[in-house]
Amino acid sequence: VDFHKLTNLFVVLVKCHHHHLPMHFQTHEKVDCPNYPWICPYGCMQMILMKEAEDHVLVCPEMEIDCPYKMCGCPKKIKRSKLLEHEDIFLREHMLQIVDKNTKLEDQISDLYNSLKYKEGKILQLSDMIKNCEREFRQLSQLFCKNSNLLASTQTLAIHIDKNTFLETELRQLVQKTNQQQSKLDLRTLLDITDNLKQKVALLESYDQRLVVLEDLATQQDTVFRMHGTQLNKNEERFKILEGASYNGKLIWKIMDYKIKKKEAIEGHNLSLFSQPFYTSHCGYRLSARAYLNGDGSGRGTHVSLYFVVMRGEFDSLLSWPFKQKITFMLLDQSGKKKHICETFKADPNSSSFKRPEGEMNVASGCPRFVAHTVLENAKNTYIKDDTLFLKVMVDLTDLEEL
């Protein structure tokens, strides 16, 4: 009432200058009047105009507001005047919440990136599918054009087929008539020809039986020839061994194609080589040598390993066992200067390598580091000439009883 005065039948509001009927002015004052005095309900005790209420709410120090770090996880509601104090007190918690939020965001970004990569892959797949569909569509279009041409050709062919069917019917009737006439004229001749053919068939069948017998004989002969060939090869190989065998306890072993054979050893195709057998006498011990061109045991990859092998012989039951003789290995110098490389050792009577062989041969024994590759392959030396080297094995025949 202090802010309004009555004019005639309308209330003229002093502050807002609006006209209202007396019955409505109280409602207008408290609800609609922009200049109605309003006391802040949040406790700051300021009296302001209704039209300024919204602006006051935005700055009221007593109004509780959400913590600025609510999005990071802080659940607190604080009066606006206490906001700075709250931020100082909960600084560490806010920082941890920010870190946690950032971590989650990074995970989400990573997930989004992976999702994008996946979708990109799907898009590429779909793009490829579209290209394939386009290519297939073009192929189908081409096939459709071809089919159109084929349809026209098929229609033309159907017309010709109908004509051919008619002609075939006519021809069949004509042949039938001709056969009837011919059968009446040439029946006797046909019977003679049939008998003649039967005789020829019987003769051919007898020839066929003879051919089967001859094929069996040829197969048997072929088997015999193969057996003879195998036996001849074995005999030839045995003659070569016997031709190169020595009976004085000495072996000169010629190894050709050194580079190729060493490469095969390195690649694991053929690790070792065996020499031809040699003997201490015609009725003596049967012996041989075994070489690893790429080395064996402690000499693998760096040396040539050379071993002595006791083999099963025809006169073993007459000989003295175990084998006890002294053995000498030599790599022969091909320069004529006789700078041979020698290794000598005596057979160990306690070793299984020198007992009487139970199988084809005993376990080899000798020198795993006989000669280094650096010495053997040195261009200044002449142990290898024309890709060939010579190894000599000598058995000391002293005190060896002659049969």
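So if we plug the beta-carbon distance of Arg226 and Ser127 into 1/(1 + (r/R0)^6) with R0 = 60 Å, what FRET efficiency do we get, rounded to 0.05?
Computed FRET efficiency for Arg226 and Ser127: 0.40.
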- Within the chain, what is the longest stretch that has no chymotrypsin sites (Phe, Trp or Tyr not before Pro) placed in a DSSP loop and near at most 14 other beta-carbon atoms within 10 Å? 4-246
- Message: Need the list of lysines near Lys122 for cross-linking: C-alpha distance under 21 angstrom, and skip anything on the same chain fewer than eight residues off.
- Response: Lys131
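Please find the FRET efficiency linking Val363 to Tyr247, where r is the Cβ-Cβ separation and R0 is fixed at 25 Å, and quote it to the nearest 0.05.
Values: r = 25 Å, r/R0 = 0.98.
For Val363 and Tyr247, the calculated efficiency is 0.55.
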- Message: Need the list of aspartates and glutamates near Lys263 for cross-linking: C-alpha distance under 19 angstrom, and skip anything on the same chain fewer than eight residues off.
- Response: Asp296, Glu377, Asp386, Asp387
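Quick one: net charge of Met311's neighbours, Cβ under 13 Å, K/R +1, D/E -1? Intermediate results must be reported in sequence, preceding the final value.
Working: positive: Arg286, Arg290, Arg312, Lys355, Arg356; negative: Glu314, Asp316, Glu358, Glu360.
Result for the local shell: +1.
Please give the charge dipole size of the stretch 313-362, origin at the Cα centre, charges +1 on K and R Cβ atoms and -1 on D and E Cβ atoms. Round to the nearest 20 debye. Write out the running numbers ahead of the final one.
Values: 8 positive and 7 negative charges, 86 e Å.
So the magnitude is around 420 debye.
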- The value for the stretch 250-395 (convex hull of the alpha-carbon atoms, volume per residue, Å³) is 111 Å³
- Task: At a Cα cut-off below 15 Å, give the aspartates and glutamates reachable from Lys51, other chains included and same-chain residues fewer than 8 away excluded.
- Result: Glu29, Asp32
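Sort Arg286, Arg210 by Cβ crowding within 10 Å, fewest neighbours at the top.
Details: Arg286 20, Arg210 10.
Taking fewest neighbouring Cβ atoms as first place, the list is Arg210, Arg286.
List the GluC sites (Glu not before Pro) within the stretch 311-403 that DSSP assigns to loop and that have no more than 12 neighbouring Cβ atoms inside 10 Å.
The qualifying sites are Glu314, Glu358, Glu360, Glu401, Glu402.
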- Of the convex hull drawn through the C-alpha atoms of the chain, the volume per residue in Å³ is 636 Å³
- Where q = 0.17, 0.27, 0.28, 0.31 Å⁻¹, what log10 of I(q)/I(0) comes from the Debye formula for the stretch 361-403, counting one point per Cα? -0.73, -1.07, -1.10, -1.16
- How would you classify the stretch 30-72 from its alpha-carbon gyration tensor, with a ≥ b ≥ c the square roots of the eigenvalues: rounded for a/c under 1.5, else prolate if a/b is greater than b/c, otherwise oblate? prolate
- Could you state the angle between the C-alpha long axis of helix 91-244 and the longest principal axis of the C-alpha atoms of the chain, as a value from 0 to 90 degrees rounded to the nearest 10? 40 degrees
- Note on the structure: For the stretch 262-279, in residue order, the Karplus 3J(HN,Hα) values (coefficients 6.51, -1.76, 1.60; θ = phi - 60°; whole Hz; Gly and Pro = x) are 5, 4, 4, 5, 4, 7, x, 7, 8, 5, 9, 10, 10, 7, 5, x, 9, 10
- Task: Putting +1 on Lys and Arg Cβ atoms and -1 on Asp and Glu Cβ atoms, find which of Ile252, Trp38, Pro61 reaches farthest to the positive end of the dipole of the chain.
- Result: Ile252
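Every number here is computed from the coordinates shown, using simple stated rules; none is lab data. As the structure is a prediction and not an experimental result, all values here were calculated from the model. As a convention, Cβ positions derive from the backbone with ideal geometry for all residues, glycine included, and neighbour counts pool all protein chains shown.
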